[in-house]
Amino acid sequence: MKRTVSLLFIAALAALLLYVVANMPPMGDPANPTATHVIPRYLENAEEETHTENVITGIILNYRGYDTMGEVTVIFCALAAVLAVLGRERRGAIEGFVDRSEVVSSTIVRTMVRFMVPFILLFSLYTIFHGESSPGGGFQGGAIIGGSMIVFTTIFGLAESSRRVPQRIRAALEGAAVMGFFLVGALGLLGGGEFLTYAWPKVAPGLQPSLVVWLTILVEVGIGLGGAMVLTSILFAMIREEEIATAS
Amino acid sequence: MGAWRHFPILMITVPLLGAVLLPFLGYLRESWVPHVALLPLGFSTVLGFLLLGRIPSDGYLSYHLGGWEPPHGIEIRVDYVGLFLMLAICGITLLALVFSRHYISKEVSRGRRTAYFVLFLLMSGAMLGFAATGDIFNLFVFMEILALSSYALVAITGNRNAVRAAFKYVLMGAPSSIMVLLAIGFLYSATGSLNMADLAQRIAESGYTEVLTVSYILFVIGFGVKAALFPLHMWLPDAHSIAPSPISALLSGLLVEVSAFALLRITFSVFPRGAADLIGGTADAVGVAAAAAVLYGGIMAILQKDLKMMIAYSTISHIGYIFLGLTAFTAEGLTGAVYHMLDHGLAKACLFLCAGNFIYVKGYRRIEELKGAWRQMPWTCFAFALASISVIGIPPTAGFISKWYLILGNVRGEKWLYACVLLIGSILAAVYCFRVIYYMFFQAGREGAWEDSWNDAPPSMLTPVWMLSLGTLFFGIFSYLVIPSLLKAAAFLL
Amino acid sequence: MPESKFSVVPLIAILLPWTTLVAILVFPKRAQRLRLWLCSLGSLATFGVVLSMLPSVLDGNRYTINLASVVENLEIRLYVDTLGYYFALILSFLWMLATIYSISYIDHKHNRFFAFMALCESFILGCAFSANMFTYFIFYEMMTFGSYPLIIHEETTVARRAGYKYLVYAIAAGTVLFFAIVAHYFWGDGQLGFGKYGVLSLETASRAALMTVFFTYLAGFGVKAAIMPLHGWVPDAHPAAPSPASALLSGVILKAGAFGIIRVCFNVFGVDLMRELKVNVVMAIAACITIVVASVFALTQDNLKRRLAYSSIGQVSYIILGLAMLAHDGALGGVMHLTHHALMKGCLFLCAGVILVKTGKKNISEMAGVGYQLPITMICFSVCALAMMGTPPSVGFITKWLLGSGSLEAGLPVYIVILLVSALLNAAYFLPIVYTAFFRWEGDELDEHGERHHPKLVFGKEADHKLVIPVVVLAALVIIVGIWSNVPGFPYSLVSKVAKAIFP
């Protein structure tokens, strides 16, 4: 009974969606509402207006920066949710964890990882800092840092990697993305503009292009660091959960 | 326009900033977290009160983020109704937060307490952003924060039932978010815009009626799940009754209301009167569902044995009230709906916090166990009674005023049947509320169930409870402070 | 609304009973007697304040004060006109006596009882002084729920069940009433106020709409006014409540329903509109049925207070019948009966209370010889019982006379038949009580001369003065008001103005 009802519901929904798709504006038509209303301004003026060569960065950090601020909050919120369900380690407790992985990784792997991680980190910094002019940016860079942490932790264990990135640092930087946005927003307010204005029309009218670039980079760095720390903290919380589960 | 035009954005972002700063404070001084968490919300509340009187009831404050004028940038648009709701959010969250400090020591384990406050602030900030935004994608973003934080807060006690309830909530909530996203996508494809005011114009000119109709249907289903509109309410009773009481208060007193408010915005600001033929059928269906919700919620609430479960079902019933006010499509109905958001928020939050007091002091959850509670916990019991009276809608509480306008709105809209349903709903409410009141005051409890001397909850838990219940009384007696402006604002929306 | 002056006096009258609460909260538990006396002082002061308005009300002054206005036309406003003042006067008087009586009568949970007594008085004064239906409804609902603790005061199973029944009826009635007010607001162009000749008219709404409004009002208030078949809660609630509370239930709270109907007839619909709609026919039929059937039911009751309760059901319908005649004398008699019945039935219930306290007897069959034990009480009881039948010179006679004259004026002598039947039935159920009390006694002992022994009448020792004085005062008023009804402040002096204004 329940199954029939849910199947019927899904079928109805699918029919509805297919019906819409059939009636949607044709794909790729230059006369589409999507192609004629807001998009042209973004494509034509983004570079002058936002002083970023990468139009996508211009849109997500500048025209719709507030949305992105919300999105980074979502990421932070995901971490808070994980910590709410799994709980966070007590202060300083993580050093006491023992590596319980069954297979001890070989020296070759250890050496390779030890050798690779700095380069991965360097690359991620490049991705973050260059986001305003080429593909890349805070999200991608942060994900790369997080990835490197995952690699490091799988090989060297929780205890080792939490010595490298102690709870103190993580707790401080998990919200770096939101803080970055808020800082830029508040500076925009103080500079006489609206919240999240990347320029200070009243304070430094002449400095604008370079100011925008620096503020954009500040936001990117915030997003990168914050994202990386969120990933790391989620990873640590999950491993810890595993540790507790195996220990008990 | 002075500096106060920045107040809404600060009201939204300061709690979010507070949330991201809390983990570090939690690392340094965990015991300070509950107190410091009050600061950002208190700040928002103060700003909200300063905004009072600055926004005319037939106008709005439009704030362009980053200085980009809409539709290219994001707009925050606070009208009178929005400000009214934002103030309600600030007040109720602040009180629930005060209440939390003692309460969570009972239900939330040590390692999770900082996360609790972080999520609490995120949820509050997101609700404020949700109520204030004038951009439909931004609405979605805040809805996600709201949804994610509420999932986690339901599960925060970490026991099996809580996780299961939260999982049920996620199972219904995540598809509903996707539906809203799809609906936004469809709207965008048909109009090319995301700004609500701009959308209203473009919808009137757009030829893609099928896309727009389906998009509205998806909005209704998506927000309907979030607002627990019958028959999409399945997640609510479990989640609301198992979450820690202050969270139940937020979920029941605010979250479902702001979801209903989002649908209000979409119905009245995005799909304007010119598009009545697009949404007419769906709105009628919503009316039927809401009427069913009033009856179903009321009857189920009567059948419950667990106090919080009963309050949760009562919420389902009252969401029906709000939607019946929306679908009346009259200024009075809309006023009733918005006013009901406030007074239901106050009363429901109060009831859940009272239930929290019983759990905190005695660990009692079942209605049966409340027999004779009056002797030990008179303050909680009286607050409970007062809030129940507002839930039923007996004068002079705010519940009466909103019921008056809801019924009047439906009568004006010539929906006599719905007016009768609302009346029957209040009879059902009387049945389930009076049962509890009767047990508390006029029944003798089991031997030893209650102490003979006063031993109520600590003041930091009683104060919020009493402020909420007196709030229902205040807004009942002094409804003339708000109602005329609301009526004007509602007429403006229509 | 006619011209009226701003005044805080009505507000003071409504707020005075709240001082009782202050007294209960401020004074320590040790000073229980002090507290109770302060409570009755509160009700005394309330009566005094109400009384102080008498001269100016008789001069035709109108007082008003606006407490809050939600929107235009929807305001909580107090307004003292002759009709409302008339109700306020009798209710605050009866309340004062009942409060004094309660000091000695109530033996447990004094604080709750007196607090809710005071609250109810405040709310019902609000009803009497309300300027529009919205205000009336608000105070009426608060009064409804405030009187619940009075009914269940004994906390026995019977009382609980009666209280439950009361709540069920009250909530259903409140809902219907609420609907009626919304419909009134909607079809009456937002005019909820009380007009001199009514505010509704066929110009703003259709016939069917106005009929709906009228009958929902009638049903909503009819539950309190105990029009059959909406009377179910009355016979249970009266015996269950403590006697002073039943006196007030019957004397005042039932009348709040009847007063609501009076307001609806005179000030909302107006006599002409009622005549046009012919709604008075239904009212009259319902009232006649109630009068006869309730009296028949009363015959079968053995529990004294239950019999009195059925009697109340019948008597309140006299008011409805008087209104339904749509004639000057009928209206005069009906509205005056509000006070008359309050005096008589208040006294009867207080007598029943004295009997219960002194002898513990509830049922009439057990009351043989009570008259010798409690002579003053039972003499008062007999006076009121005779008055209920309509014996001159008493208030009951005035009612009957005016109603009879009204029915001739309305051209429907059939009402006289109803009144006569009712008088007969009243005699049939009241006289046996008097007979049992005075002319039967237990144990037909023979004295040494072989004659039947009479118990001695014992005066002066029968009960606490606080119980007896209210009874005597009420019984005396039953006669005095019946003879000098025209004294300022007595019913005729006030109601005749109202009736003259409506039926010029």
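Using heavy-atom solvent-accessible surface (probe 1.4 Å) with all chains present, what is the largest-first order of B:Tyr313, B:Tyr360, C:Tyr429?
If we order B:Tyr313, B:Tyr360, C:Tyr429 from most to least accessible, we get B:Tyr360, B:Tyr313, C:Tyr429.
Using a Gaussian network model of chain A whose springs link C-alpha atoms within less than 10 Å, name the residue from A:Gly191, A:Gly142, A:Gly180 with the highest mean-square fluctuation.
A:Gly191
Compute for chain B: radius of gyration divided by Kirkwood radius, i.e. Rg/Rh, restricted to C-alpha atoms, rounded to two decimals. Please report the intermediate quantities before stating the final value.
On the way: Rg = 21.3 Å, Rh = 22.3 Å.
The Rg/Rh ratio comes out at 0.96.
With unit charges on the beta carbons (Lys and Arg positive, Asp and Glu negative) and the dipole taken about the Cα centre of the protein assembly as shown, which residue among C:Thr82, C:Leu202, B:Pro40 sits farthest to the positive side?
C:Thr82
For region A:193-241, would you read off the P(r) tail past 12 Å as a percentage of all alpha carbon pairs?
Details: 818 of 1176 pairs.
The answer is 70 percent, as a whole percent.
For chain B, with only Lys/Arg (+1) and Asp/Glu (-1) charged at the beta-carbon, what is the dipole magnitude about the Cα centre, in debye rounded to 20? List each step's numbers first, then the result.
Numbers: 30 positive and 25 negative charges, 222 e Å.
The calculated dipole for chain B is roughly 1060 debye.
Working from Cα positions, state the angle (0 to 90°, nearest 10) between the long axis of helix B:136-154 and the longest principal axis of chain B.
20 degrees
Please identify, among A:Ala159, A:Ala31, A:Ala171, the residue showing maximal mean-square fluctuation in a Gaussian network model of chain A using a 10 angstrom Cα cutoff.
It is A:Ala31.
With the other protein chains left in place, how much accessible area per residue, in square angstrom, belongs to region A:63-247 at a 1.4 angstrom probe?
44 Å²
Can you give me the C-alpha center-to-center distance between region B:445-494 and region C:18-65, rounded to a whole angstrom?
Cα centres, region B:445-494 to region C:18-65: 29 Å.
Put +1 on the Cβ of each Lys and Arg and -1 on the Cβ of each Asp and Glu in chain C; which of C:Leu412, C:Val279, C:Ala463 then has its Cα farthest toward the positive end of the dipole?
C:Ala463
Can you tell me the convex hull volume per residue for chain C, based on C-alpha atoms, in Å³ to the nearest whole number?
Convex hull of Cα atoms, per residue: 138 Å³.
Structure shown: which of B:Lys488/C:Lys5; C:Lys278/C:Lys305; C:Lys165/C:Lys358; A:Lys2/B:Lys168; B:Lys362/B:Lys403; B:Lys226/B:Lys308 lie over 26 Å apart, alpha-carbon to alpha-carbon?
B:Lys488/C:Lys5; C:Lys278/C:Lys305; C:Lys165/C:Lys358; B:Lys362/B:Lys403
Give a residue-ordered list of calculated ³J(HN,Hα) values for region A:220-236 (Karplus: 6.51 cos²θ - 1.76 cosθ + 1.60, θ = phi - 60°; whole Hz; x for Gly, Pro).
Using θ = phi - 60°, the values come out as 4, 4, x, 4, x, 4, x, x, 4, 5, 4, 4, 4, 5, 4, 4, 4 Hz.
Could you give the size of the charge dipole of region C:5-502 about its Cα centre, using +1 on the Cβ of each K and R and -1 on the Cβ of each D and E, expressed in debye and rounded to the nearest 20?
Values: 34 positive and 26 negative charges, 134 e Å.
Dipole magnitude for region C:5-502 comes out near 640 debye.
Round to the nearest 10 and give me the degree value, 0 to 90, for the angle of helix B:38-51's Cα axis relative to the longest principal axis of chain B.
Once rounded, one gets 50 degrees.
Please state the charge dipole magnitude for region A:63-247, taken about the Cα centre, from unit charges on C-beta atoms (+1 on K and R, -1 on D and E), reported in debye and rounded to the nearest 20.
380 debye
Rg and Dmax of the protein assembly as shown over Cα atoms: what are they, in angstrom?
Just the Cα atoms of the protein assembly as shown yield Rg and Dmax of 36.3, 134 Å.
Does anyone have the angle between helix B:416-442 and the longest principal axis of chain B? Alpha-carbon axes, 0 to 90°, nearest 10?
For B:416-442 against chain B, the angle is about 20 degrees.
Roughly how much accessible area, to the nearest 100 Å², goes out of reach of solvent when A and B pair up, both sides summed, probe 1.4 Å?
5400 Å²
List the residues of region B:51-86 whose accessible area drops by at least 30 Å² when all protein chains are present, compared with their chain alone, using a 1.4 Å probe and counting only protein heavy atoms.
B:Tyr63, B:Leu65, B:Gly66, B:Trp68, B:Pro71, B:His72, B:Ile74
At what distance in angstrom do the alpha carbon centres of region C:291-344 and region B:176-226 lie from each other?
65 Å
For the protein assembly as shown, with all protein chains present and a 1.4 Å probe, just round the carbon and sulfur fraction of the accessible area to a whole percent.
Ligands and nucleic acids excluded, carbon and sulfur reach 67 percent.
Considering the dipole of chain A built from charges on the beta carbon (Lys and Arg +1, Asp and Glu -1) around the Cα centre, which of A:Thr4, A:Asn54, A:Ile75 is farthest to its positive end?
Checking the options against the dipole of chain A, the answer is A:Thr4.
Which aspartates and glutamates, if any, have their Cα less than 12 Å from the Cα of C:Lys109, not counting same-chain residues under 8 positions apart?
C:Glu154, C:Glu155
The values are calculated or read from the model by the stated rules, or taken from the named source; none is laboratory data. Computed from a prediction, not measured in an experiment: that's the story for all the values here. Every residue, glycine as well, gets a Cβ built from its backbone with ideal geometry; the counts of neighbours run over all protein chains shown. The accessibility values were calculated without ligands, DNA or RNA, using every heavy atom of the protein model including side chains. Shrake-Rupley method; radii C 1.70, N 1.55, O 1.52, S 1.80 Å.
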